[in-house]
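Participant: This structure is in structure tokens; I'll ask about it shortly.
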Amino acid sequence: MILVAQVSDTHFDLGTRNVERAQRVLAFLADLRRRPDVILVTGDITDSGKYEQYAEAKLAFETEIPLYAIPGNHDDREGFRTALLGEPTSGGPINRVHRIGDLTIVLLDSSVPGAAGGRLCDETYDWLRDVLAASPTAKPILLALHHPPARLHSPIIDEIALDDPQRLTDLVAADERIVAVLAGHAHCAATTMFAGRPLLVAPSTASVLAGEWELDLPDHVMDYAPDPAVALHAIDDDYRLTTHFRTVPMGGRIGVQPG
Ligand SMILES: [Fe+2]
Ligand SMILES: [Fe+2]
């Protein structure tokens with residue numbers, strides 16, 4: 001079994017609250033009896049893309065578990081690349097591929113500089129096609145990006161989701177190795193189908209954005225009361241995928257009652 005933890009939308013803003021919440025989740029993951037093989041952070045690492053916020057993220061993300069992040073709409077590629085990744089300046093998308101055993105994880109940069117909505121540019125699609133062509137035959141692939149490519153009944157997020165999702169649909173539907181698509185951005189744990197595969201949206205560690213049935217716009221947008229949460233994706237040896245969504249209490253571990 002390969003265990004993939006997905007943390008999202010940490011929104012580091014130079015305050016202590018969001019750092020403490022993300023660190024609480026990372027400590028929870030590090031303390032698990034079976035540690036995740038990898039942690040993915042699916043965008044909106046910072047709240048406003050400031051260099052100092054990436055420095056904050058770099059410290060907070062120090063863990064013995066391999067951790068890979070992609071940008072969201074609140075991020076800035078320049079700061080992300082230099083202050084978080086420690087890489088030289090370059091204006092293009094931050095796309096990455098990682099292999100963990102049989103599993104290929106493809107991280108796609110759906111951010112559009114200066115825009116809230118998402119889009120995968122031609123460069124990213126060319127890169128993705130090359131990565132898929134070079135990936136092992138009949139082995140599982142997870143695709144991750146910040147902007148969900150489908151509607152989630154989220155009155156704010158649905159307006160700033162992934163643009164032109166059909167282009168990604170065609171690609172995913174044609175590749176049977178892709179077991180699921182992972183996203184963030186929605187600040188809620190949500191699942192739906194996309195191109196015949198599960199679309200799994202990880203909750204934010206910073207706040208919760210309710211569905212359209214709950215929201216009373218514009219008075220009630222974000223709920224900051226709930227504890228942070230994380231998604232855990234288990235890929236079995238037969239490549240079957242199971243996802244758990246886990247809330248991590250800020251007050252410490254909940255006592256386990258025997259029986
Ligand atoms: Fe966010
Ligand atoms: Fe976002």
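Read-outs throughout are calculated quantities, based only on the coordinates presented, and are distinct from any laboratory measurement. None of the values given here were measured: they were computed from a predicted structure. Heads up, the Cβs are rebuilt from the backbone with ideal geometry, glycines too, and the neighbour counts pull from every protein chain shown.
Participant: For the range 70-157, state which trypsin sites (Lys or Arg not before Pro) are in a DSSP loop and have at most 13 other beta carbons lying within 10 Å of their beta carbon. Before the final figure, lay out each step's value.
Facilitator: Values: sites: 77, 81, 96, 99, 119, 129, 151; in loops: 119, 151.
Hits after loop and neighbour filter: 151.
Participant: Dimensions of the range 74-160 along principal axes (Cα, Å, largest first)?
Facilitator: Largest first, the range 74-160 extends 38, 37, 22 Å along its Cα principal axes.
Participant: Counting only helical runs of four or more DSSP H residues, what would the 222 nm mean residue ellipticity of the chain come to if each run contributes -39,500 (n - 2.57) and the total is spread over all its residues? Can you show the working numbers first?
Facilitator: Numbers: 4 runs with 48 residues, N = 259.
Per the formula, -6000 deg cm²/dmol.
Participant: Residues with amide H under 5 Å of residue 67's amide H, sequence separation 5 or more or different chain, H placed in the peptide plane at 1.01 Å from N; which?
Facilitator: So residue 67 has HN proximity to 39.
Participant: List, in order, the whole-Hz ³J(HN,Hα) value for each residue of the range 44-50 obtained from phi through the Karplus relation with A = 6.51, B = -1.76, C = 1.60 and θ = phi - 60°; use x for Gly and Pro.
Facilitator: 6, 4, 10, 7, 9, x, 6
Participant: How big is the equivalent ellipsoid of the range 103-259 along its three axes, where each semi-axis is √(5λ) from the Cα gyration tensor, reported in whole Å from largest to smallest?
Facilitator: Semi-axes (√(5λ), whole Å): 28, 23, 12.
Participant: Same structure again: Quick one, what does Rg over Rh come out to for the range 1-40 if you take C-alpha atoms and the Kirkwood Rh?
Facilitator: Ratio of gyration radius to Kirkwood radius for the range 1-40: 1.04.
Participant: Of all the stretches in the chain, which is the longest one without any exposed loop site, taking chymotrypsin sites (Phe, Trp or Tyr not before Pro) in a DSSP loop (any state but H, G, I, E, B) with at most 11 other Cβ atoms within 10 Å?
Facilitator: 1-212
Participant: Please list, by residue number, every one of the trypsin sites (Lys or Arg not before Pro) in the range 1-52 that is coil in DSSP and has at most 11 other beta-carbon atoms within 10 Å.
Facilitator: Values: sites: 17, 21, 24, 33, 34, 50; in loops: 33, 34, 50.
Hits after loop and neighbour filter: 33, 34.
Participant: In the range 1-110, how does Rg compare with the Kirkwood Rh, expressed as the Rg/Rh ratio over alpha carbon atoms?
Facilitator: Looking at the range 1-110, the ratio lands at 0.96.
Participant: Residues of the range 115-144 with the amide nitrogen closer than 14 Å to a label point 7 Å from the Cα of residue 177, along Cα-to-Cβ, please.
Facilitator: 128-143
Participant: Sticking with this structure for a sec: Give me P(r) over the range 2-247, computed from all C-alpha to C-alpha distances, binned every 5 Å, as integer percentages.
Facilitator: Spelled out bin by bin, the range 2-247 gives 1, 6, 15, 19, 21, 18, 12, 5, 1, 0, 0 percent.
Participant: Taking amide hydrogens as modeled 1.01 Å from N in the peptide plane, which residues meet the under 5 Å criterion relative to residue 12, leaving out close sequence neighbours?
Facilitator: The answer is 46, 47.
Participant: Using 0.36 nm per residue of separation minus the Cα-Cα distance, give me the extension gain between residue 224 and residue 158 in nm, one decimal.
Facilitator: So the extension gain works out to 21.7 nm.
Participant: Now, a different point. Which one of 171, 232, 156 is farthest out on the positive end of the charge dipole of the chain, using unit charges on Cβ (Lys, Arg +1; Asp, Glu -1) and the Cα centre as origin?
Facilitator: Going by the Cα projections, it comes out as 232.
Participant: Separate question: Based on C-alpha coordinates, I'd like the Rg and Dmax of the range 59-104, in Å.
Facilitator: According to the Cα coordinates of the range 59-104, Rg and Dmax are 12.1, 32 Å.
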